[in-house]
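These notes are about the structure you will find just below.
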């Protein structure tokens with residue numbers, strides 16, 4: 001029995017798909033356009049019409065047999081998925097965000113796939129796709145289609161050209177000043193980002209890694225030391241500096257660290273706004289202004305330099321991997337640990353590191369660097385990052401579907417995750433202190449990037465750096481040195497205290513870490529070592 005299917009012309013189908021996407025999947029783009037042009041001005045209207053006509057022209061142009069449905073389906077599903085995250089969280093789907101999505105794990109991805117997302121994706125993506133598949137699209141012969149499509153495309157292009165000609169100056173100025181606006185246009189922006197991401201990955205697929213710091217060696221302080229030199233580098237996740245009470249935040253989020261003899265830096269800026277950018281940048285020799293993914297992948301990093309100097313390096317991960325940093329060193333994943341207490345719901349809290357850390361410190365016999373890559377305050381499921389005893393601020397948001405919660409509940413959950421990081425860092429310091437009789441130890445902590453908690457309608461992170469709010473770029477950084485380490489290096493506490501308010505950035509991480517381990521190499525820049533001026537030796 002033949003099932004009845006509606007018949008629709010190819011141009012009509014193309015226009016309907018384009019109009020549907022423009023109307024339903026660009027709820028962030030249209031208000032931003034109006035705001036960028038200063039209201040419903042004639043220029044704003046003509047720009048909106050130009051964008052619409054160009055998108056409709058594209059759909060009419062691809063309305064060929066065997067081509068239209070696959071491309072239309074791709075555009076519908078892309079626009080549906082991207083619009084949810086842009087409209088709900090203010091997330092820009094750019095190349096960096098796609099990189100983060102491609103390297104995330106199943107648990108983190110699952111936190112974003114809420115009921116609200118599934119409903120949105122069904123109504124804006126699956127349903128129109130099913131309707132498109134159900135319909136029988138009527139196609140003409142090639143010559144007839146070319147002629148009839150041209151009758152529609154040419155007037156639309158001429159109209160667009162006329163509007164651009166009349167207002168090109170205003171268009172250029174507004175786009176330059178409001179570049180973020182065009183990055184919310186669906187499905188153009190996410191498809192362009194996906195293309196750029198794929199092109200980048202292909203370009204870097206077989207890159208040859210160039211050596212770095214092969215002349216590295218242990219300096220005079222390290223070689224003369226009677227005990228192994230041990231540094232813990234804690235790579236934080238999604239912690240923003242403004243929510244640390246150590247930095248003046250009006251809530252007590254650092255009750256344990258404030259009781260310890262730490263060095264807290266109040267004005268530190270991240271290299272990026274997402275892990276895929278910031279983490280490799282932190283361990284790269286390149287400063288942010290010179291950094292690129294290509295350079296990071298084609299050049300050895302901080303851990304390699306430690307290795308050249310004979311320092312044992314370990315990367316322990318409770319996040320989504322090292323982003324290539326630990327490809328040539330010891331890498332241990334902790335996120336799949338089976339422990340009902342430390343890893344409820346198959347998602348481990350950072351305390352999963354502590355038992356192994358205690359065992360490792362007890363057996364250290366040589367200079368060692370251990371990197372602890374936290375899950376930290378990774379959202380949107382902030383409530384999974386802390387225990388009941390760390391749940392100091394209530395009511396807290398108990399779902400990854402942040403729009404279901406008030407901004408106060410989101411803030412409470414996030415601040416509780418900072419309390420958990422405070423307790424974790426204090427526990428790491430306590431373990432180092434417990435072994436002060438057999439090692440000279442230090443700890444350096446910095447978050448990879450910050451987080452937006454609904455300010456200006458933006459949630460999460462990953463905003464383009466040029467437009468990123470301070471919430472996503474101001475990060476905490478904390479150092480601690482054992483008495484044995486201070487004595488060994490002649491570290492001046494009063495000198496350290498004087499520089500804590502200075503503006504620093506991730507650019508300092510590479511050189512500061514080398515200095516902390518007294519590694520001598522031509523790639524080390526003393527001017528970028530935060531503690532160099534306060535050390536009497538080495």
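The values are calculated or read from the model by the stated rules, or taken from the named source; none is laboratory data. It should be emphasised that the depicted structure is a prediction, and the values quoted were computed from it without experimental measurement. Cβ coordinates were reconstructed from backbone atoms using ideal geometry, including for glycine residues, and neighbour counts include every protein chain displayed.
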- Item | Residue list for region 473-489, restricted to those being farther than 18 Å from residue 248 by Cβ and out of contact with any strand residue (DSSP E or B) (no Cβ under 6 Å at 6 or more places or on another chain) | 483, 486, 487
- Task: Give the residues of region 382-407 that are touching a residue at least 12 places away in the same chain (Cβ under 8 Å) and either part of a helix (DSSP H, G or I) or under 27 Å from residue 283 (Cα atoms) (or both), sorted by residue number.
- Result: 382, 383, 384, 385, 390, 402, 403, 404, 407
- Query: Got at least one residue in region 317-333 being surrounded by 19 or more Cβ atoms within 10 Å (Cβ to Cβ) and under 22 Å from residue 528 (Cβ atoms)?
  - Reply: yes
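To keep it simple, each residue is scored yes or no on (1) over 19 Å from residue 279 (Cβ atoms); (2) modelled with pLDDT of 90 or more; (3) buried (at least 24 other Cβ atoms within 10 Å of the Cβ).
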{"site": "437", "(1), (2), (3)": "yes, yes, no"}
{"site": "444", "(1), (2), (3)": "no, yes, no"}
{"site": "450", "(1), (2), (3)": "no, yes, yes"}
{"site": "456", "(1), (2), (3)": "yes, no, no"}
{"site": "464", "(1), (2), (3)": "no, no, no"}
- Note on the structure: Residue set 489, 500, 512; condition assigned by TED's automatic domain parsing to the domain that holds residue 279, in contact (Cβ under 8 Å) with a residue 12 or more places away in the chain and within 25 Å of the chain's Cα centre (by Cα); output residue 512
- Query: If you go through region 257-268 one residue at a time, do you hit one that is assigned by TED's automatic domain parsing to the domain that holds residue 462 and within 16 Å of residue 325 (Cα to Cα)?
  - Reply: no
- Message: Being touching a strand residue (DSSP E or B) at 6+ places or on another chain (Cβ under 9 Å) and part of a loop (DSSP other than H, G, I, E, B) is the filter here; which residues of region 332-364 pass it?
- Response: 334, 335, 364
- Note on the structure: Flagged in region 312-331 as in contact with a strand residue (DSSP E or B) (Cβ under 6 Å, 6 or more places away or on another chain) and in a loop (DSSP other than H, G, I, E, B), in numbering order, are 319, 322, 326, 329
- Pick from region 37-47 the residues that are buried (at least 18 other Cβ atoms within 10 Å of the Cβ) and within 33 Å of the chain's Cα centre (by Cα): which of them is nearest to residue 16 (Cα to Cα)? 47
- Scanning region 468-486 for residues that are in contact (Cβ under 8 Å) with a residue 40 or more places away in the chain, within 26 Å of the chain's Cα centre (by Cα) and in a loop (DSSP other than H, G, I, E, B) gives 468
